[in-house]
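Remarks on the structure that follows.
The values are calculated or read from the model by the stated rules, or taken from the named source; none is laboratory data. Everything numeric in this text was worked out from a predicted model, so none of it was measured. Note: ideal-geometry Cβ built from the backbone for every residue, glycine included; neighbour counts use all protein chains shown.
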């Protein structure tokens, strides 16, 4: 079996891969994650590829998996908040509304490059400003697309999810498992 490397320091992705039974090393890509492009799906897929390739070029004997998650509301991409004000604005935008979460995955191995994505729809209940302000005092909104963690206290904002919960968390479990098993076996 080939060495598997996760090109991410995301604790959520680490937890999901472990849950799926994979043994792997964690080597963050360190790429610039600036959003460029008009299609959120293409942006997510491009960033997932860039993350995987940045690590794979130094570990060509391994299989490298990279992923990127974007939150999209009314066609606008809500990336990781840069500061408290931006996080506040993002959570206000999501309050009481549906949004999409796109997670793209890229797996690179010798002679193989597989890129796929999954989309889940999430409905937030109405969140009062005082709740948002309290949430911003926690560690959760930082380094998360859309300024929330569905696997943490951010789950209290969620009214409904249509699709794979793990896509919202940062790595579509079922699709990732199937593709990795095919590549690694």
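Worth a mention:
- Qualifying residues in segment 169-185 (those that are assigned to a helix (DSSP H, G or I) and in contact with a helix residue (DSSP H, G or I) (Cβ under 6 Å, 6 or more places away or on another chain)) - the one surrounded by the most Cβ atoms within 10 Å (Cβ to Cβ): 169
- One residue stands out among those in segment 71-83 that are at pLDDT below 95 and within 23 Å of residue 32 (Cβ to Cβ): the one that is surrounded by the most Cβ atoms within 10 Å (Cβ to Cβ), which is 78.
- Of the strands (runs of 3 or more DSSP E) contained entirely in segment 28-114, those carrying at least 1 residues that are without any contact (Cβ under 8 Å) to a residue 24 or more places away in the chain and within 18 Å of the chain's Cα centre (by Cα) fall at 76-78.
- Per-region count, segment 12-27, residues more than 21 Å from residue 144 (Cα to Cα) and in a strand (DSSP E or B): 1
- Residue in segment 95-108 that is out of contact with any strand residue (DSSP E or B) (no Cβ under 7 Å at 6 or more places or on another chain) and surrounded by 16 or more Cβ atoms within 10 Å (Cβ to Cβ) present: no
- Residue within segment 118-136 that is within 24 Å of residue 50 (Cβ to Cβ), modelled with pLDDT of 95 or more and either assigned to a loop (DSSP other than H, G, I, E, B) or more than 15 Å from the chain's Cα centre (by Cα) (or both) present: no
- Positions within segment 1-26 being under 16 Å from residue 56 (Cβ atoms), modelled with pLDDT of 95 or more and within 16 Å of the chain's Cα centre (by Cα), in sequence order: 6, 7, 26
- Candidate set from segment 142-168 (those that are more than 16 Å from the chain's Cα centre (by Cα) and not in a helix (DSSP H, G or I)); member that is farthest from residue 127 (Cα to Cα): 162
- Subset of segment 148-168 [closer than 28 Å to residue 83 by Cβ and in contact with a helix residue (DSSP H, G or I) (Cβ under 9 Å, 6 or more places away or on another chain)]: 148, 149, 150, 151, 153, 154, 156, 157, 158, 161, 167
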